[in-house]
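First up is the structure itself, then whatever we jot down about it.
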Amino acid sequence: MDRPSDWVRRVNRLETGVELEAIHKSINRGTPFGVKTWQARAAARLGLQSTLKPRGRPRGKKKK
């Protein structure tokens, strides 16, 4: 696959705060980085589905 003509500009652009937060989460959790559909496919292919789930035990149902 050929690189886009604006490859250097794309690689050198600054990330937004939202992008940086997503990158940090991905690194800390060991999840694939990308859009949700790609993350799910990559996690399934690599056996990383548990990294996409919230941490900790599921919350129990509240008693009335």
Pair list, Cβ < 8 Å and 6+ apart or interchain, from region 45-57 residues that are on the phi < 0 side of the Ramachandran plot and without any contact (Cβ under 8 Å) to a residue 40 or more places away in the chain to residues that are among the polar types (S, T, N, Q) and part of a loop (DSSP other than H, G, I, E, B): LEU48/THR31; THR51/THR31; LEU52/THR31
Any pair with Cβ under 8 angstrom, 6 or more apart, that starts in region 1-18 at a residue that is in contact (Cβ under 8 Å) with a residue 24 or more places away in the chain and ends at one that is outside any helix (DSSP H, G or I) and charged (D, E, K, R): none
Flag for LEU14 being among the aliphatic types (A, V, I, L, M), in a helix (DSSP H, G or I), more than 10 Å from the chain's Cα centre (by Cα) and at pLDDT 90 or above: no
Test for LEU48: is it surrounded by 11 or more Cβ atoms within 10 Å (Cβ to Cβ) and either touching a helix residue (DSSP H, G or I) at 6+ places or on another chain (Cβ under 8 Å) or basic (Lys, Arg) (or both): yes
The one condition in (1) hydroxyl-bearing (Ser, Thr, Tyr); (2) surrounded by 10 or more Cβ atoms within 10 Å (Cβ to Cβ); (3) in a helix (DSSP H, G or I) that THR31 fails to fulfil: (3)
Residue check for THR37: out of contact with any Ser or Thr (no Cβ under 9 Å at 6 or more places or on another chain) and either at positive phi or hydroxyl-bearing (Ser, Thr, Tyr) (or both): yes
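The values are calculated or read from the model by the stated rules, or taken from the named source; none is laboratory data. As the structure is a computational prediction, the values presented were derived from the model and not from experiment. Reconstructed Cβ throughout: ideal geometry from the backbone, glycine too, with neighbour counts over all protein chains shown.
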